[in-house]
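Peer 1: Here it is: the structure, laid out below.
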Amino acid sequence: MKECYATLGLDDKFLDYTKHLINSIRHFDKDREIFLFTCDDIEIPTVTTLKYNFIKTPAKPHLYINRNKPIGINKLRAEGYKIWYLDSDCIVLDDISSHFENKEDITACVDWGWNEVNRPSYTMDDLTVKKGEYLNAGVMLINDDKAFEYSSRFCTEDKLYKKAWDIRNPTLSWEKIVNDPTIQCHNLMEQDLTNWAIYKTKSSINYLDSKVYNYHGHMGDYEKLKEGMLKILHWSGGPDAPAIWNRIEFLKDWNEEYYDYLNNIAKFEK
């Protein structure tokens, strides 16, 4: 089984996130391949100069978050890869390569949402992915074909995708989104479908500690962080997120030692 990392290579706005993630992966793992998923109808000259391989997907640029993750992952699985998938706004802070040895179909963290009340869940047809079981699809090691064949099919076929879309977005029509590229659509759609497919196919899951492998800034305790505490820092992203160096600037006041550590790993150059 071949092993690789994968993330999003979307456009120049997200390039800094992608570069810092790649820097952090390479800090701990010099050799494994890194793939970028990108849309098949846009060119990203700056990203392509990084000379990483691309898995192209049919998602439109303004709909990127909804479709190209499952499709890209399914393509890599078909090529025989075990995949550490990380959203481009992640920073790897320790060697996570030992998880390539995991035997389970999926290795991931439960998504705790923004707070206890708003933890995500999803229901479609006869299956509900409950709060406390719903996984964060932005940090996930994939050793499974069944679930991503399923979710990729939903993301590829418009009829199936629209069915899932209407459940999550009952007040926003899919037709309007498709025909209006000015609407930046950032929601949980691909994550809904990934979760639904994983539980629908009864994939085996290795649950990782969210506070260690999927730490989000809204937890608000940066001053307590020390080197070695986190494996993966997962910032809140989205189309309107500020530049990554601006997002860590406040850490100088909260925890200068940890700020320096992040810079050492991910190289937050302006």
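The values are calculated or read from the model by the stated rules, or taken from the named source; none is laboratory data. Every value quoted in this text rests on a predicted model; they were computed, and no experiment measured them. Every residue, glycine as well, gets a Cβ built from its backbone with ideal geometry; the counts of neighbours run over all protein chains shown. Ligands, DNA and RNA are stripped out before the accessible areas are found, and what is left, the full protein with its side chains, is counted by its heavy atoms. Shrake-Rupley method; radii C 1.70, N 1.55, O 1.52, S 1.80 Å.
Peer 1: Convex hull over the alpha-carbon atoms of region 122-163: what's its volume per residue in Å³? Can you show the working numbers first?
Peer 2: On the way: hull volume 4.1 nm³, N = 42.
It is 98 Å³ per residue.
Peer 1: Reachable aspartates and glutamates from residue 224, Cα under 12 Å, same-chain residues fewer than 8 places away excluded?
Peer 2: Excluding near neighbours in sequence, the set is 256, 257.
Peer 1: Starting from 0.36 nm per residue, how many nanometres of slack lie between residue 117 and residue 209 once their C-alpha separation is accounted for? Don't skip to the answer; put the middle values down first.
Peer 2: On the way: separation 92, 0.36 × 92 = 33.12 nm, distance 1.95 nm.
This chain segment gains 31.2 nm when fully extended.
Peer 1: Set the Förster distance to 25 Å, then compute FRET efficiency between residue 146 and residue 267 from the Cβ-Cβ distance, nearest 0.05.
Peer 2: Numbers: r = 38 Å, r/R0 = 1.52.
Once the sixth-power term is evaluated, E becomes 0.05.
Peer 1: On average, how much accessible surface per residue is there in region 137-214, in Å², for a 1.4 Å probe, leaving out ligands, DNA and RNA?
Peer 2: Numbers: 3640 Å² over 78 residues.
It amounts to 47 Å² per residue over region 137-214.
Peer 1: Can you spot the aspartates and glutamates whose alpha carbon is less than 14 Å from residue 200's alpha carbon? Ignore those fewer than 8 places along the same chain.
Peer 2: The qualifying aspartates and glutamates are 105, 125, 126, 133, 144, 145, 149, 192.
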